[in-house]
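Asks: Just passing along the structure, written as structure tokens.
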Amino acid sequence: MPDLIHLLPDSVANQIAAGEVVQRPASAVKELLENAVDAGATQIKLIIKDAGKTLIQVIDNGCGLSERDARMCFERHATSKIQTANDLMAIHTLGFRGEALASIASIAQVELRTKRVDDEVGTSIIIEGSEFKSQTPVSTPDGTSISVKNLFFNVPARRNFLKSNTLELKYIIEEFLRVALVNTEVAFTLYNHDRILHQAPASNLKQRLVALLGNAYNQRLIPVSQETGIVNIHGFIGKPEFSKKTRGEQYFFANGRFIKNPYLHHAIENAFQQLIPKDSFPTYFIYLTVDPKNIDVNIHPTKTEVNFQDIKSIYAILHSSVRQSIGKFNISPSLDFEVEPSMEITPLPKDAEVNQPVIKVDPEYNPFEKKVRPQFEIQMPPRVKAYEEQWKPLYDPLKDVHFKQEVPEQEIQANQQSIAGWNQEDLKSKSIRPFQVQNRYIISSTQSGIVIIDPQKASERIIYERLLTSFENNQVSMQNQLHPQTILLSPEDFEMTMELIDDFAKAGFGIRDFGKNTILVEAVPADCQETNITDLFESILEELKTGTDEGKTKHYVRVARSMAKSMAFYRKTRLQPEEMEGIIEQLFACKVPDLTPGGNPTMIFTSFEDLNKKFK
Ligand code: ADP
Ligand code: MG
């Protein structure tokens with residue numbers, strides 16, 4: 001028998017390593033930006049095309065590479081940053097593994113152009129899928145430009161695995177921010193195709209935060225600062241009143257690198273306790289400096305987890321300095337004479353059209369009439385208003401081909417199974433009136449069993465289907481806002497909103513680009529007139545970002561899904577019998593009554609047959 005084991009060729013080994021290091025375009029962006037910072041650049045430009053799928057280019061004015069190093073840097077474990085294992089104890093650079101360029105070059109077409117200040121000409125290298133194509137002298141500015149084209153061109157499985165451009169771009173912007181928020185002495189620009197998404201000159205930290213997050217942050221931030229023998233802490237926290245409905249702006253940096261640390265996060269959350277509502281998140285940008293020998297950054301190639309030697313003390317120091325800052329700067333939040341918040345109105349762009357606000361008057365409105373279903377008054381399209389009509393879809397929910405397209409296959413199957421046992425008589429002959437337990441679940445009985453409904457999940461389904469129907473029939477009712485509202489978004493949220501602007505319009509949101517990551521909401525879907533629009537919109541965005549995105553789902557379906565989830569927010573309340581019946585009726589009028597659009601159950605049904613079996 002011959003021996004079987006052999007060493008893998010470098011190109012294969014690199015591709016395997018790339019699986020760890022480069023999961024998506026954003027990971028390549030992180031590596032390239034960090035290399036530029038390590039090279040001592042004072043100006044870094046990042047250019048992205050098609051969410052990094054066709055091009056990621058980083059141009060820096062750093063130290064550049066010699067002709068030989070330009071070749072060497074693509075070798076595996078080739079680094080200029082450490083030499084011995086001891087150096088691992090005191091890492092001062094962001095990179096040190098010497099893996100990134102080798103990995104990236106194994107799965108993309110890469111061109112490197114670089115020149116050191118003292119060299120007369122620069123050098124250009126082309127390498128594709130680990131294969132050297134050429135090295136030629138070129139004239140090029142001092143510094144390095146590296147273009148990564150067609151990422152995963154030779155690993156189609158990975159390429160297909162990538163998410164929508166919106167989502168991939170969001171990841172890229174996030175990586176960009178993680179580097180730009182800490183290297184304030186470096187000027188950064190981020191281009192998406194030819195459009196500048198971010199531009200931040202070299203500045204101090206506060207200016208950097210404002211440049212990247214928007215002017216409004218000038219008034220929102222409280223400084224934190226503490227120097228001790230164990231750790232130096234500086235940075236900013238958001239004033240409690242600006243806490244966010246979404247967990248977005250929470251950044252820790254340790255010795256110049258972005259880190260995640262749930263334990264330290266808890267220190268801050270705890271310091272904010274009772275100052276912000278339960279479902280809100282504090283904003284923070286905290287920069288920790290510790291002796292490099294007391295921190296281990298060598299845990300994982302993507303390196304956002306680090307170990308601190310004295311984490312318990314750091315926790316305590318962080319907690320107390322955050323509390324101190326809140327105390328010092330926030331005793332009288334209303335006595336801020338510098339700004340008159342109501343005067344902070346961004347002027348309309350020059351060529352903006354101003355729409356006459358439309359006031360709708362409801363001639364039927366009677367202020368003395370008691371609203372019967374304040375929570376779940378859900379205006380159904382007229383066709384479902386008729387009682388009998390409502391139940392029909394249930395008997396044959398899968399016939400409706402038109403709708404079927406939007407329902408994922410597994411949803412239909414699950415539906416088929418659980419609905420199979422139902423019949424028309426069941427629903428009509430409710431033998432008992434529904435009742436509620438725990439101020440939440442609705443329990444009702446039908447001819448063939450018992451059903452328990454979660455009203456929140458149920459309204460998610462009801463609202464979702466209604467939205468879809470009106471999207472598809474182009475009959476969304478929009479309500480113009482008497483006082484159009486501006487909402488300041490994070491750059492990624494802003495970018496996503498702009499990309500989905502037509503889908504939002506289809507859903508009833510009249511949105512306009514108001515500049516500087518701000519949108520102007522001129523109209524809202526008629527159903528959510530009384531809701532807090534900023535909160536609603538932010539939670540819709542959060543849903544869009546975190547909700548399962550198959551990449552292929554139509555945008556407006558995703559918008560509908562997240563709107564439904566956000567609008568169905570259910571507070572524990574006692575429901576009137578009519579309200580419960582209303583929910584049951586409307587739920588069973590749905591095509592897929594038993595699941596939320598996200599695939600969670602809206603109800604639990606147990607047939608008497610099953611019950612009988614259980615009692616045998
Ligand atoms: P690491 O950053 O872990 O050392 P990389 O594969 O990212 O590994 O880079 C390999 C080497 O290439 C670096 O150690 C550095 O010497 C050189 N290098 C990479 N990018 C740049 C750049 N933008 N400017 C100058 N040198 C660079
Ligand atoms: Mg590197």
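Asks: I need the chymotrypsin sites (Phe, Trp or Tyr not before Pro) found in the stretch 567-616, filtered to DSSP loop residues with at most 11 other beta carbons within 10 Å of theirs. If you can, show how the numbers build up before the last one.
Replies: Working: sites: Phe569, Tyr570, Phe588, Phe605, Phe608, Phe615; in loops: Phe569, Tyr570, Phe615.
Sparse-neighbourhood loop chymotrypsin sites (Phe, Trp or Tyr not before Pro): Phe615.
Asks: Taking a 28 Å limit on the Cα-Cα distance, which of the listed pairs Lys328/Lys516; Lys30/Lys278; Lys245/Lys554; Lys45/Lys506; Lys260/Lys293; Lys591/Lys616 fall beyond it?
Replies: Among Lys328/Lys516; Lys30/Lys278; Lys245/Lys554; Lys45/Lys506; Lys260/Lys293; Lys591/Lys616, the Cα-Cα distance tops 28 Å for Lys328/Lys516; Lys30/Lys278; Lys45/Lys506; Lys591/Lys616.
Asks: Sum up the charges of everything whose Cβ sits under 10 Å from the Cβ of Asn14, counting Lys and Arg as +1 and Asp and Glu as -1, but leave Asn14 out.
Replies: -2
Asks: For Gly214, what is the net charge nearby, where nearby means another residue's Cβ is under 10 Å from its Cβ and Lys, Arg count +1, Asp, Glu -1?
Replies: Result for the local shell: +2.
Asks: I'd like the trypsin sites (Lys or Arg not before Pro) in the stretch 225-278 restricted to DSSP loop residues with at most 13 other Cβ atoms within 10 Å, sorted by number.
Replies: Sparse-neighbourhood loop trypsin sites (Lys or Arg not before Pro): Arg247, Lys260, Lys278.
Asks: Then there is this: Apply the Karplus parameterisation 6.51 cos²θ - 1.76 cosθ + 1.60, with θ equal to phi minus 60°, to every residue of the stretch 495-501 and state each ³J(HN,Hα) to the nearest whole Hz, in sequence, with x for glycine and proline.
Replies: Each residue's phi maps through the Karplus curve to give 4, 5, 4, 5, 5, 9, 4 Hz.
Asks: Counting other Cβ atoms within 10 Å, keep those with at most 15, restrict to DSSP loop, and tell me which GluC sites (Glu not before Pro) in the stretch 1-77 are left.
Replies: Answer in residue order: Glu75.
Asks: Right, something else. Which distance in Å, rounded to a whole number, links the C-alpha centroids of the stretch 558-616 and the stretch 1-18?
Replies: If we compute the Cα centre of each part, the gap is 54 Å.
Asks: What FRET efficiency, computed as 1/(1 + (r/R0)^6) with R0 = 41 Å and r the Cβ-Cβ distance, is obtained for Tyr263 and Asp142, rounded to the nearest 0.05? Intermediate results must be reported in sequence, preceding the final value.
Replies: Numbers: r = 43 Å, r/R0 = 1.05.
Working from the Cβ atoms, E equals 0.45.
Asks: With +1 on each Lys and Arg Cβ and -1 on each Asp and Glu Cβ, and nothing else charged, work out how big the dipole of the stretch 110-205 is about its Cα centre, in Debye to the nearest 20.
Replies: About 460 debye.
Asks: Going by average Cβ neighbours within 10 Å, how do the peptides 283-289, 207-213, 24-30 rank, with the highest at the top? Could you put the intermediate results ahead of the total?
Replies: Working: 283-289: 22.6, 207-213: 20.0, 24-30: 24.9.
The densest-packed peptide leads the list: 24-30, 283-289, 207-213.
Asks: Once the other residues with Cβ under 13 Å from the Cβ of Glu67 are scored (Lys, Arg +1; Asp, Glu -1), what is the net sum?
Replies: In short, +1.
Asks: Sequence-distant or interchain residues sharing an amide H contact under 5 Å with Met478, placed H: which?
Replies: For Met478, the qualifying residues are Ala526.
Asks: Assuming R0 = 22 Å, what is the FRET efficiency of His193 and Gln43, from their Cβ-Cβ distance, to the nearest 0.05?
Replies: 0.60
Read-outs throughout are calculated quantities, based only on the coordinates presented, and are distinct from any laboratory measurement. A quick note: this is a predicted structure, and the numbers were derived from the prediction, not measured. Neighbour counts run over all protein chains shown; Cβ positions are idealised from the backbone, glycine included.
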